[in-house]
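Heads up: the structure comes next, in C-alpha cells.
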Amino acid sequence: MSKDIQEGGKKRVWSCNEWDPLEEVIVGTVENATVPTWNPALAATTPSHAKWFFDKYGGQPFPDDMIEKASKELDNLADVLKSLGVTVQRPETLDFSKEVTTPWWNSKGLYAAMPRDVLMVVGDTIIEAPMAWRARYFEIYAYRRLIEDYFKDGSRWLVAPKATMSERFYNAGYSPEQATIDSVRQFVVSENEVAFDAADFVRFGKDIFVQKSNVTNAMGIEWVRRHLDDDFSVHEVEFGDEHPMHIDTTIVPLGPGKLMINPSWVERSQIPAQFDSWEIIEAPAPVKPYDSALYFSSDWLTMNILTVDEKHIIVEENEEPLIALLKQHGFEPIPIPFRNFYPFGGSVHCATADIRRRGTLQSYFS
Ligand code: ABU
C-alpha cells in the first residue's frame with residue numbers, strides 16, 4: 001500500500017480502527033422495519049424468551065410505537081454526532097415488507113437499522129458483507145447510493161459473493177440446545193458457501209480480529225483475508241458465547257492499548273497473545289431491568305458503544321456502571337438515550353458504520 005494511502009490522504013473513505021477521530025459515519029434507520037418470521041437461522045441466536053414476539057408479529061411491520069421511539073433515538077444520535085463535527089449519512093428506506101423470491105426461497109426483508117452488520121471500511125476499501133439471514137439478503141441496497149458516491153469519490157469497493165442461502169447454506173442438524181458438541185462449537189451456517197456479517201470483524205489497524213459465528217463461517221473469513229491488501233492480518237478468535245453473532249458485545253477496543261471484554265464470555269486465557277501488553281478492562285454487568293425487551297440480542301448491548309475519538313465514547317445513558325468505569329479510565333462518556341433501539345438488536349455501535357476516521361494505518365501490537 002502506498003504511503004499516501006497508508007495515511008488516508010484526502011480520501012473520503014478511510015478508517016483503520018475503532019478509535020481514531022470519527023469524521024463521517026452512517027447512522028441506520030428503523031423506517032419500514034419488518035419482523036422476520038421464526039426460522040432456524042433466527043432461532044440460532046435469538047433468546048428463546050423472545051419467540052412470542054416473532055410468533056405474534058412475524059411478517060408484519062414492527063409495531064408503530066417501537067418504530068417511533070427508536071427513530072427518535074436514532075435521530076438524536078445523528079444530531080449528537082453532527083454537534084461533534086461528524087458528517088452523518090443515513091441509508092435509503094426500502095420497502096422491507098415486500099416479499100422477494102429467489103430460485104430457492106421467498107422472504108420479506110428486515111430493516112436498515114444496523115449498518116455495522118452489512119458493511120465495513122478497512123483502510124480505503126468498503127466491503128459489503130454477504131449476510132446469512134434470508135431476510136437480510138437485499139439489505140445492502142439501502143446503502144448502495146451512498147456506496148456509489150463513495151466509489152465515485154475514490155473508495156475501493158469489494159462485494160462479497162452472495163450465497164444462495166438455499167438449504168445447503170445451513171446446517172440442518174444444528175440445534176441451539178447443542179451449540180457445543182465434544183468441545184467443538186456448532187453453527188447454523190454450514191461451510192458450503194461464503195458467509196459473514198461485517199460485525200463479526202473488529203479492526204485494530206493492520207490487525208483485524210474475527211470470530212466464527214452463526215452468521216460468519218471459515219469460508220467467509222478466508223474470503224476477507226484473501227481480498228485485503230498484504231498490509232492486513234486477519235486473526236480468528238473464539239470466546240465463550242455459545243450462540244455468537246457479532247463480536248461487538250464480546251471484545252471492544254476503547255483506544256490503543258485498552259481492550260474492554262465481556263467477562264461472562266471472555267476468559268483471560270482466551271485473549272490472543274497480541275494483547276499481552278494491553279490493559280484489559282472488564283465491562284460491568286448490564287443495567288436491568290430494561291424498559292423494553294431484547295428480541296434479537298443478548299443483554300450485553302451495554303458494551304455496544306461508539307468511540308468518537310480517543311477521549312469521547314457514546315454510551316447508553318442508563319448504563320451507569322459503564323459510564324463510571326469509563327470515567328475512571330480517563331474517558332469522557334457521552335450518554336444518550338438508546339434503550340428503545342435495543343429491541344431491534346443492537347446499540348450505538350451496531351446502529352452506525354464508520355466511513356472516515358482521521359489517522360494512519362498502524363500496527364498496535366509489538
Ligand atoms: N448485534 C449485536 C448483538 C450481539 C449480542 O447479542 O450480544
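Values as computed for the structure displayed
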| read-out | value |
| --- | --- |
| Any chance Gly85 is more than 16 Å from the ligand (Cβ to nearest atom), open to solvent by 10 Å² or more (accessible area, probe 1.4 Å), of a type outside the set (Asp, Glu) and farther than 23 Å from Tyr170 by Cβ | yes |
| Some residue of the stretch 240-249 being surrounded by fewer than 17 Cβ atoms within 10 Å (Cβ to Cβ) and within 15 Å of the ligand (Cβ to nearest atom) | yes |
| So Ile181, is it aliphatic (A, V, I, L, M) and either under 30 Å from Leu77 (Cβ atoms) or open to solvent by less than 10 Å² (accessible area, probe 1.4 Å) (or both) | no |
| Residue list for the stretch 314-327, filter: touching a helix residue (DSSP H, G or I) at 6+ places or on another chain (Cβ under 6 Å) and either within 12 Å of Leu84 (Cβ to Cβ) or hydroxyl-bearing (Ser, Thr, Tyr) (or both) | none |
| Check on Asp229, more than 15 Å from the ligand (Cβ to nearest atom) and either out of contact with any strand residue (DSSP E or B) (no Cβ under 8 Å at 6 or more places or on another chain) or part of a loop (DSSP other than H, G, I, E, B) (or both) | yes |
| Output for the stretch 266-301, where each listed residue is in a helix (DSSP H, G or I) and either modelled with pLDDT under 95 or open to solvent by 10 Å² or more (accessible area, probe 1.4 Å) (or both) | Arg268, Ser269, Gln270, Ala273, Gln274, Trp300 |
| Hey, Thr46 out of contact with any strand residue (DSSP E or B) (no Cβ under 8 Å at 6 or more places or on another chain), surrounded by 14 or more Cβ atoms within 10 Å (Cβ to Cβ), of a type in the set (Val, Ile, Thr) and modelled with pLDDT under 95 or not | yes |
| Unmet criterion (only one of (1) out of contact with any Phe, Trp or Tyr (no Cβ under 7 Å at 6 or more places or on another chain); (2) open to solvent by less than 10 Å² (accessible area, probe 1.4 Å); (3) away from the ligand (no atom under 16 Å from the Cβ); (4) of a type in the set (A, V, I, L, M)) for Met114 | (3) |
| Matching residues, the stretch 333-366, being over 19 Å from the mean Cα position of the chain (by Cα) and of a type outside the set (A, V, I, L, M, F, W, C) | Pro333, Pro335, Pro337, Arg358, Gly359, Thr360, Gln362, Ser363, Tyr364, Ser366 |
| Near pairs, Cβ below 6 angstrom, 6+ apart or cross-chain, from the stretch 296-311 (at negative phi) to any residue that is of a type in the set (A, V, I, L, M) and open to solvent by 20 Å² or more (accessible area, probe 1.4 Å) | Val308/Leu84 |
| Number of the condition not met by His312 [criteria: (1) within 12 Å of Val252 (Cβ to Cβ); (2) more than 15 Å from the ligand (Cβ to nearest atom)] | (1) |
| Criterion (surrounded by fewer than 19 Cβ atoms within 10 Å (Cβ to Cβ), over 22 Å from the mean Cα position of the chain (by Cα) and among the polar types (S, T, N, Q)) met by exactly one of Asn106, Asn39, Asn76 | Asn106 |
| Hits in the stretch 17-51 - residues which are within 16 Å of the ligand (Cβ to nearest atom) and under 18 Å from Pro244 (Cβ atoms) | Ala41, Leu42, Ala43, Ala44, Thr45, Thr46, Pro47, Ser48, Ala50 |
| Number of the condition not met by Glu222 [criteria: (1) open to solvent by 40 Å² or more (accessible area, probe 1.4 Å); (2) outside any loop (DSSP other than H, G, I, E, B); (3) touching a strand residue (DSSP E or B) at 6+ places or on another chain (Cβ under 7 Å)] | (3) |
| Residue under evaluation Phe209, criteria (1) within 20 Å of Ile26 (Cβ to Cβ); (2) open to solvent by less than 10 Å² (accessible area, probe 1.4 Å), criterion not met | (1) |
| Hits in the stretch 254-281 - residues which are in contact with a strand residue (DSSP E or B) (Cβ under 8 Å, 6 or more places away or on another chain) and within 16 Å of the ligand (Cβ to nearest atom) | Met260, Ile261, Asn262, Pro263, Val266 |
| First in the stretch 85-114 and in contact (Cβ under 8 Å) with a residue 12 or more places away in the chain, second anywhere and acidic (Asp, Glu) and open to solvent by 20 Å² or more (accessible area, probe 1.4 Å), Cβ under 7 Å, 6 or more apart | Val86/Glu23; Thr87/Glu23; Thr93/Glu31; Ser107/Glu99; Lys108/Glu99 |
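Conditions tested, residue by residue: (1) surrounded by 19 or more Cβ atoms within 10 Å (Cβ to Cβ); (2) at negative phi; (3) not acidic (Asp, Glu).
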site	(1), (2), (3)
Met120	yes, yes, yes
Met131	yes, no, yes
Arg134	yes, yes, yes
Ala142	yes, yes, yes
Phe151	no, yes, yes
Ala163	yes, yes, yes
Glu193	yes, yes, no
Phe196	yes, yes, yes
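The values are calculated or read from the model by the stated rules, or taken from the named source; none is laboratory data. Computed from a predicted structure; not experimentally measured. Because the Cβ atoms are built from the backbone with ideal geometry, glycine has one as well, and the counts that use them run over all protein chains shown. These accessible areas exclude ligands, DNA and RNA; they are computed on the full protein's heavy atoms, side chains included. Shrake-Rupley method; radii C 1.70, N 1.55, O 1.52, S 1.80 Å.
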